[in-house]
Every structure is written in C-alpha cells, then in structure tokens.
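Below: one structure, written as structure tokens.
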Amino acid sequence: MTETDFDTISVKRLTGAMGAEISGVNLASDLPVQQFEEIRKALFTFGAIGFRDQNLSFEDHYNFAKRFGSLEVHPIVNGMEDFPEIIKMHKPAGVAASFGVGWHTDNSFFKKPSLGSIVYAEIIPPQGGDTLFSNQQLAFETLSNGMKDTLRVLTAIHSANDAYTSPTAMEKYDGDGPITYKHSDIIAEKVEHPVIIKHPVTGKEALYVNQMFISHFKGWTKEESAPLIDYLCAHAVREDFQCRFRWEKGSVAMWDNRMVQHAALNDYAQYERLLYRITVNGDAL
C-alpha cells in the first residue's frame, strides 16, 4: 500500500521502513465513516501515524479514540480526575524525563495488551523530546529462516515488576508529582505471550519482545534466556526499521502496539513538555 491508495486523506511516508503523516483531517470533527476507515487503514499499514495543527478538547480526544474500541483506565498510572482514560504526561522544566523512556511496547504485561495509544501535544520544548518508533514486522522479516522457526514455537514471560519498581518509578507512588502511580497486584503478575505474533487485521507476523517488560522464555531460565533476549531486543530497534516523530504544539501521534515498539527521548531536561495520552484496549495475542 502506498500514499496514493487513499481517497479522503493525504498521506506522506516518514521513512522507507514505517510511519506516515496525515493531512486533510480535523480530528475534532465528527469524521465521515470513509475518512475514519482510511485513518484506521493507514495506522495498520504504517504502524505509526501523525497529524499536525489539531485543536482537541479532552472530549474531542476521547471521542476520536473511542471509535477504535474501548478505552483503557490504566491499573497503575493515574488518569485525570474527570477523564480517567486520559493520562496527563507532564514533564516540568529542570528534571529528566522518566515516563516512557526506553524502547518498549505499551502494556505487554497485560493478558490483553493495548491495541495502541493516541497522544496529543499541548506544550512542546523548542528542541528535543522526539518519539522514535521501530517496525517489528520488518524486524521479523529480516531474521533468518532458522531463527524464525525457532521463535515461532517460543513463549515469553512478561512482567511489569522491574519497570514499576525502579527508583524513578517508586518516586511516583502516592506522590503529588506531575505523573503519579497507584499500587496494583498486576505489577507482580507474570503473563505469557508468543514471541512471534500475527496482526489480526493484516495477518503479518511481527517480533513481540521488548526490553522493558520481557523477563524470560517459558521453560527457560533467566540466564539461558538473556543472550537471545538481548540479541532480539537489539535487532528489533535497528535504525533501518525506525522512524522519528518530531512533536509540535497541536500534533497528534498514534501507534499500533501489534506492529511497533516506541521510545521517548530524554534530551530536553531544561524544558517543560505536556502531552495527553489515551490508550485503546486490545485483545489476547
């Protein structure tokens, strides 16, 4: 599928690997069915898509996201009081970013991992703070046939424990900072997912490992698992699989967790940034 395969939106690819910017759309409006379906098709085709010059109220953001499915109220990260589905991702000036930093797939420690997230930008630093995405379908396609066969029969154990008990995470519990957490039993749970997943819409296979939440392979020890996990996690985020989204005020980015990993860059400590995130619930893999 190419940029010319769309009738109601304009699509410009970000890189040869993945990603696209879409124009000709007002996300605050009641999008016609065909236009919404083309946005949905672009998301599942390019993995991550961006929009510029949007002006979304919380209601607008919520209503657009709701068209993709039921919305998540995160079991650990506190949402907004009036909109618990919306996470206010505020990083004040003068402190390092500590939320979403490092390569990961959102909520792979859920039994039904998130479909994807939709993020709206309100305050943006003059430079820095970009988000990187990496195409996990390409990561799978470029493995050897022998490795593909090996991985297809493997199951991985995912857990939130390390990510949500780190020193920077512990500061967010029961606090009054810009992002706060609550204690949940899900942090200690261990969840099984295939190492290779198949996209429910396109049918394409993708590598499904991420350094933030994967613990080990089922039936393997952590020591036995570590070398292969390290290799796969490094392979998964090769530069030639990536695209980069540069935020602007009024930008919206959304991504498909079944196809991509993403990482927030921590290179703007002196500046404030404010984004709002809604996540769409997914299905069992």
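What follows is calculated from the coordinates using simple rules that are stated; it is not laboratory data. Please read these numbers as outputs of a predicted model, since none were measured by experiment. Glycine gets a Cβ as well: all are built from the backbone with ideal geometry, and neighbour counts include every protein chain shown.
Numbers at a glance
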item	result
The stretch 206-285: relative contact order in percent, alpha carbon pairs under 8 Å with at least 6 residues between	29
Least to most buried among 245, 109, 133 (fewest other Cβ within 10 Å first)	245, 109, 133
Mean Cα-pair separation over length for the stretch 91-227, i.e. relative contact order, pairs under 8 Å, 6 or more apart, %	32
Entries of 91/182; 91/172; 172/222; 12/41; 148/198; 12/249 with Cα pairs more than 22 Å apart	172/222
CD proxy at 222 nm, helix term only [per DSSP H run n ≥ 4: -39500 (n - 2.57); per residue of the chain; nearest 500]	-6000 deg cm²/dmol
Residue 156 long-range amide H proximity, modeled H, under 5 Å	193, 195, 218
Dipole moment magnitude, nearest 20 debye, the stretch 3-280 about Cα centre, only Lys, Arg, Asp, Glu C-beta charged	440
Cα-derived Rg over Rh, computed across the stretch 1-109 with Rh taken as Kirkwood radius	0.99
Furthest towards positive pole of dipole, 125, 147, 166, structure part the stretch 117-209, Cβ charges	147
For the stretch 106-182, Kirkwood radius (reciprocal of mean inverse C-alpha pair distance, Å)	16.6
